[in-house]
Amino acid sequence: ELARSYLSAYENNDGSCLHDGELDLLGRLTGAGIETVIDVGAHHGDWTIAASRILSGVTIDAVEPAPESAAILRAQVAHLPKVRVHECALGAANYVATLHFDPNHSQMASLVDSTQGDGTTCDVAVLRGDDFLDQQGIERVDLLKIDAEGFDLDVLTGFGQAIADRRIRMVQFEVSPWNAARRVWIHDFVEGLPGYQLGRIFPHYVQPFQYDPACEDFRFRGNMFALRGDESALRALILPG
């Protein structure tokens, strides 16, 4: 157990934005001209609120499909006029899906059916990312943050046209054991982000990431960062080496 605890800390297998490096990364983006952020899977708004504070003046579209969590999110960000809450899910197409959740662990709500939780479900609207941008009149996304509990690749796929049109500068997404349930590989994310340099988020730094089949470890949980290839100034700051 001690060895597992050590390895968990070493691999940054934590999941809390308070000390896993996500907020440190936001701090290094303060001079990057960040104006528009989309937080997919915003839950109760911890990351959204922190991003609003750190990236002064930024507009954030916070997306949360779980009704109870969306209600808490609205209350939490009511004092932030540049945060807009959307009670829906984003994915690769437009349809109605089943959200699976455990009321005692609301942060784990997912469109991925699993054996976890108490079997509570509800129907939620899913919008394709590119259609969401059109509906909201968003021309450019500086940072797309995804934390969709195993549904991250579907969310990313939904923004395929925006990615191809170079309208998304940076992407943060999560890799976790949920990937095994979806049969999703890290290589799928690499293919979905052509022309982006990837890195793995750690406290105080982002480790440049070069894909290798050995990376396909479904025990791994952590956040990845993708920076568009033409952002050379930011690459030197965030992805050195």
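The values are calculated or read from the model by the stated rules, or taken from the named source; none is laboratory data. In this text the structure is predicted, and so the values were computed from the model without any measurement. With ideal geometry, Cβ positions are generated from the backbone for all residues, glycine too; neighbour counts draw on all protein chains shown. SASA here: full protein model, heavy atoms, side chains in, ligands and nucleic acids out. Shrake-Rupley method; radii C 1.70, N 1.55, O 1.52, S 1.80 Å.
Of all DSSP bridge pairs formed entirely within the chain, close to 55 percent run antiparallel. Extension gain for the segment residue 72 to residue 207, taken as residue separation times 0.36 nm less the Cα-Cα distance, is 45.2 nm to one decimal.
Structural descriptor for the stretch 54-131: relative contact order 32 percent, calculated from alpha carbon pairs under 8 angstrom and at least 6 residues apart.
Rounded to the nearest Hz, the phi-derived 3J(HN,Hα) couplings of the stretch 24-41 under the Karplus curve 6.51 cos²θ - 1.76 cosθ + 1.60 (θ = phi - 60°) are 4, 4, 4, x, 7, 9, 4, x, 9, x, 6, 10, 10, 10, 10, 10, 8, x, where x marks glycine and proline. Based on protein heavy atoms only, the chain ends up with 47 Å² per residue of surface accessible to a 1.4 Å probe. Overall, the accessible surface of the stretch 93-241 at a probe of 1.4 angstrom is composed of carbon and sulfur to the extent of 49 percent.
What is the percent of Cα-Cα separations in the stretch 1-49 that go past 12 Å? Roughly 72 percent, once rounded to a whole number.
For the stretch 85-241, the ratio of Cα radius of gyration to the globular rule of thumb 2.2 N^0.38 Å stands at 1.06. Taking the average, over residues, of other Cβ atoms within 10 Å as the packing measure, peptides 177-185, 33-41 rank 33-41, 177-185 from highest down.
The charge dipole of the chain, taken about the Cα centre with unit charges on the Cβ atoms of Lys, Arg (+1) and Asp, Glu (-1), comes to about 620 debye, rounded to the nearest 20. Here the 3J(HN,Hα) profile of the stretch 146-156, calculated from phi with Karplus coefficients 6.51, -1.76 and 1.60 at θ = phi - 60°, is 10, 9, 10, 6, x, 9, 4, 5, 4, 4, 4 Hz, Gly and Pro shown as x.
Between the listed residues 153, 170, 112, the Cα displaced farthest toward the positive end of the dipole of the stretch 94-188, a dipole computed from Cβ unit charges relative to the Cα centre, is found at 170. A 1.4 Å probe, protein heavy atoms only, puts the accessible area of residue 88 near 10 Å². To the nearest whole percent, what portion of all C-alpha pairs in the stretch 169-241 is separated by more than 18 angstrom? When every Cα pair of the stretch 169-241 is considered, 36 percent fall beyond 18 Å.
The charge dipole of the stretch 123-198, taken about its Cα centre with unit charges on the Cβ atoms of Lys, Arg (+1), Asp and Glu (-1) only, comes to about 220 debye. Contact order, relative form, for the chain: 19 percent (alpha carbon pairs under 8 Å, 6 or more residues apart, mean separation divided by residue count).
Between the C-alpha center of the stretch 113-182 and that of the stretch 190-241 there is a gap of 18 Å.
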